[in-house]
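Read the structure below first, then the notes.
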Amino acid sequence: MAAVFRAWVVITVVITEAAVVGGFPATFKLERSIPLASHELELSELVERDRLRHGRLLESSSVGVVGFPVSGTYDPFIVGLYYTKLQLGSPPREFNVQIDTGSDVLWVGCNSCNGCPKSSGLKIPLNFFDPGSSSTASLVSCSDQRCSSGIQVSDSTCSGSSNQCSYTFQYGDGSGTSGYYVSDLLHFNTILPGHTTGNATASIMFGCSMLHTGKLTDSHRAVDGIFGFGQQSLSVISQLSSQRVTPRTFSHCLKGNDDGGGILVLGEIVEPDMVYTPLVPSMSTVFTRSLRPKLMRIKHFCRPHYNIDLRSISVGGQVLSIDASVFSTSINHGAIIDSGTTLSYLADEAYNAFIDAINNAVSEHVHPVLSHGNQCYLITDSIDHIFPEASLNFAGGAALILHPEDYLIQQNPIGGSVVWCIGFKTIEGQKLTILGDLVMKDKIFVYDLEKQQIGWVNYDCSSSVNVSVNTEPGKTKFVNARPINNSSSPDELQTTVALLLNMFMLAGLLLL
């Protein structure tokens, strides 16, 4: 049997060069826009933002699993949007797209789009894809197998008259987008042993949006499109892995400081002490939500999400007394990982028990107050000195450790006291746990779709990360990039990559 060794590759969160070569991880630079610089937003506004998000996540025919912006110092009152840059077409054109593991499809606005914003409050240029200007673009017909696969999970539709594969995604907040599918090249920067190359490419199918409605027409946080990372066949991660361009694994690390940003890797970030819990197989979640006082229900679809099996919650090392049925993984129950949600949400019974446990632990040290229905505290000391550590305990013994800043949100001070509020909420009428950015920041998360598991570990996301690459003699696979800064030249990058590759290859050979 051929010997196999594992090489670890250092990648920085400020990386501008990425590497993807048959079966290897790829990296994209993530950016965070911070249009606001105060804590003036009310928690109710964040809850409303998440409510709209959950409308997209759980009511939309387009939604698959979980969706996410990736970033920041975690302060949800600095309203941010997290996105990455992609290059599509020939010649390549750059697009800023929101990272969204809650949907499957990559789509961008197209020329002649009706309702697509022309400018963005994020101070980024908005571009529009023009299939006629790309020499490698082609329309996707209804007879294309990819279109047929999409129809099975409501990611695509077909009109007999036009024979053109299309889509209409209607979201729970009343917004929507529709368009048609295009097949064209996605570009990557590649790095090979001893030298750097130009772009490597892979042909992918993505959406070309011709109509935006509702919130998608708002220019305040407008981007060029959405980069879906769901598990279905039309997600980019599924398309690239089926072509053996990348593994069926992706990872991210969300920075928890005011600089924002982070790193997204099409591959596995490796770090000691990583814990894993299995994805719940064939889980679908159904939201039936009344969005208005009238008893109007939004049509919903059963779709799989990144569901994991939450078993218990601990505060201060003590497991809370919560009936096990609250954590059931049946339909309409269970826990969802969703970095597109700003806060985090618990079923009513779990939420009440959690609040009671926190209040009991801090009652002698802080003054609890209710602010607009939110549990808050007036504090004059560091929260780390007052509030207990908590943990969410999952199947397989994996615990997600929550420090006080992982479940508290700072608001504007009152007098000489700092106001901190519980960042966990409930979703009325739903027995769901949705874990958003609040608990995901400053942690590496790995979504291993091949092994059907999700892993995490606490981490300083402003640091470089290690990416695993399996190498077999005769089947050399490399992905390398060094921690670089904006002043690094291509020659410096090339030299450093060559040195790193030689070091890792030598280390591997010594282990044979």
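The figures follow:
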item: Residue in segment 365-372 that is of a type in the set (A, V, I, L, M, F, W, C), out of contact with any His (no Cβ under 9 Å at 6 or more places or on another chain), open to solvent by less than 20 Å² (accessible area, probe 1.4 Å) and not in a loop (DSSP other than H, G, I, E, B) present; result: no
item: Segment 144-156, residues that are more than 16 Å from residue 242 (Cβ to Cβ) and either in contact (Cβ under 8 Å) with a residue 24 or more places away in the chain or open to solvent by less than 60 Å² (accessible area, probe 1.4 Å) (or both); result: 154, 156
item: Residue 424 being at pLDDT below 95 and open to solvent by 10 Å² or more (accessible area, probe 1.4 Å); result: no
item: Condition met for residue 230 (surrounded by 18 or more Cβ atoms within 10 Å (Cβ to Cβ) and at positive phi); result: no
item: Selection within segment 373-412 - open to solvent by 30 Å² or more (accessible area, probe 1.4 Å) and either more than 18 Å from residue 441 (Cα to Cα) or modelled with pLDDT under 90 (or both); result: 373, 378, 380, 381, 382, 385, 396, 397, 410, 412
item: Subset of segment 248-282 (residues that are part of a loop (DSSP other than H, G, I, E, B), in contact (Cβ under 8 Å) with a residue 24 or more places away in the chain, open to solvent by 30 Å² or more (accessible area, probe 1.4 Å) and within 28 Å of residue 329 (Cα to Cα)); result: 248, 268, 273, 274, 281
item: Answer residue from segment 89-143, given it is assigned to a strand (DSSP E or B), within 21 Å of the chain's Cα centre (by Cα) and not β-branched (Val, Ile, Thr) and is surrounded by the fewest Cβ atoms within 10 Å (Cβ to Cβ) among those; result: 94
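The values are calculated or read from the model by the stated rules, or taken from the named source; none is laboratory data. All values reported here derive from a predicted model rather than from experimental measurement. Positions of Cβ are generated from backbone atoms using ideal geometry, with glycine treated the same way; all protein chains shown enter the neighbour counts. To get the accessible areas, we keep the full protein, side chains included, count just its heavy atoms, and leave off ligands, DNA and RNA. Shrake-Rupley method; radii C 1.70, N 1.55, O 1.52, S 1.80 Å.
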